[in-house]
Amino acid sequence: QFRRAIETAGQAIYITDRDGRITYVNPAFEAVTGYRREEAIGQTPYILESDRAPDGYFEGMRETVLSGDVWEDELVNERKDGTEFYSRQTIAPITDESGSVCGFVGIETDITPLKERERQLNVLSRVLRHNLRNEMNVILGRARLIRAQTSSPVAAEAERIGRTGRKLLELGETYREILDLIESETPRRRVSIVG
């Protein structure tokens, strides 16, 4: 039953020995990566490595799981045909009866469609902020012109329009900063699997 569950899982799952050699992949691994089971067995997960990972990235991951912790992160991997895909990856150590790490299980979720939607929303957001800034600058310019050319009651209203317009521009800038924070890379964190 456990094997059937892994075989039918929607996430790409692979198991390696302690040296990182793949000993098992499920059908979703084949579908996501393009590597057939017989091509992947005996290889290391580095067959999926793109050139986007920073230096020392995989060494840090290996140290984490060898120490008994679970490693989780998002990264860009590469399929057999060379196309890149975004992966949310979890790698956990497998221990033997004595508690020594004897292998690893990796679970990859292809999040490429999610990243593409994020990219499209980001572009839309930038266009909307750009348009808001342009239109507000026109309004602020007109408010300054009215204030300079009219008497006190109308000039006071023009000043109020200017203040509101500046607040709206500040709000747009705050929105941009919030989006930048949300889109920034979440730092990796160690998770203890010991109770």
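The values are calculated or read from the model by the stated rules, or taken from the named source; none is laboratory data. Worth saying up front: this structure is predicted, and the values here are computed from it rather than measured. Note: ideal-geometry Cβ built from the backbone for every residue, glycine included; neighbour counts use all protein chains shown. For the accessible areas, the whole protein counts, side chains as well, though only heavy atoms, and no ligand, DNA or RNA atoms are used. Shrake-Rupley method; radii C 1.70, N 1.55, O 1.52, S 1.80 Å.
Points to keep in mind about this one:
- Mean separation of Cα contacts under 8 Å (6+ apart) over length of segment 77-124, as relative contact order %: 32
- Lys/Arg +1, Asp/Glu -1 at C-beta; the chain dipole; positive extreme among SER152, VAL76, ILE13: SER152
- Label-to-label distance for VAL70 and ILE182 is 2.6 nm, based on points extended 7 Å past Cα in the beta-carbon direction.
- Amide H contacts of ASP69: none lie under 5 Å away among residues 5 or more positions distant or on a separate chain (H built 1.01 Å from N in the peptide plane; Pro and chain starts excluded).
- FRET efficiency for the pair GLU116 and GLU159, taken as 1/(1 + (r/R0)^6) with r the Cβ-Cβ distance and R0 = 41 Å, rounds to 0.35.
- For segment 7-164, diffusion coefficient by Stokes-Einstein and Kirkwood Rh (Cα), 25 °C, 0.890 mPa s, µm²/s: 126
- About the Cα centre, charge dipole magnitude for segment 91-148 (Lys/Arg +1, Asp/Glu -1 at Cβ), debye: 1160
- Taking the charge dipole of segment 106-146 about its Cα centre, with +1 at Lys and Arg Cβ atoms and -1 at Asp and Glu Cβ atoms, the residue from LEU121, THR109, LEU140 reaching farthest to the positive side is LEU140.
- With contacts taken as Cα pairs under 8 Å and at least 6 residues apart, segment 11-88 reaches a relative contact order of 24 percent.
- Virtual spin-label span in nm between ARG62 and ASP96, 7 Å along Cα→Cβ: 2.0
- With θ taken as phi - 60° and the Karplus curve 6.51 cos²θ - 1.76 cosθ + 1.60 applied, the whole-hertz 3J(HN,Hα) list for segment 6-22 is 5, 5, 9, 4, x, 8, 6, 10, 9, 10, 10, 7, 4, 7, x, 7, 5 Hz, x standing for glycine and proline.
- Where a label projected 7 Å from the Cα of ALA5 along Cα→Cβ would reach, residues of segment 59-84 with amide N under 20 Å: 70-71
- Spacing of the modelled spin labels on GLU38 and ARG129, each 7 Å from Cα toward Cβ, amounts to 5.2 nm.
- The trypsin sites (Lys or Arg not before Pro) found in segment 6-54 that occupy coil by DSSP, while having at most 12 further C-beta atoms within 10 Å, are ARG36, ARG52.
- Theoretical ellipticity at 222 nm over the chain - DSSP helices of four or more residues, -39500 (n - 2.57) apiece, nearest 500: -16500 deg cm²/dmol
- If only the Cβ of Lys and Arg carry +1 and only the Cβ of Asp and Glu carry -1, the dipole of segment 1-59 around its Cα centre is close to 340 debye.
- Within the chain: Cβ-based charge dipole about Cα centre, in debye rounded to nearest 20 (Lys, Arg +1; Asp, Glu -1): 1360
- Whole-Hz couplings from phi, Karplus 6.51/-1.76/1.60, listed for segment 29-35; x for Gly and Pro: 4, 4, 5, 6, 8, x, 8
- Accessible area of segment 81-124 belonging to carbon and sulfur atoms, whole % at 1.4 Å probe: 57
- For segment 46-59, Karplus couplings with θ = phi - 60° (6.51, -1.76, 1.60), whole Hz, Gly/Pro x: 4, 4, 8, 5, 9, 8, 8, 6, x, 4, x, 4, 6, 5
- C-alpha long axis of helix 112-149 to longest principal axis of the chain, angle in °: 10
- Which of PHE29, GLY99, ALA40, positive extreme of dipole for the chain (C-beta unit charges): PHE29
- Segments 69-75, 98-104 sorted - mean Cβ within 10 Å per residue, highest first: 69-75, 98-104
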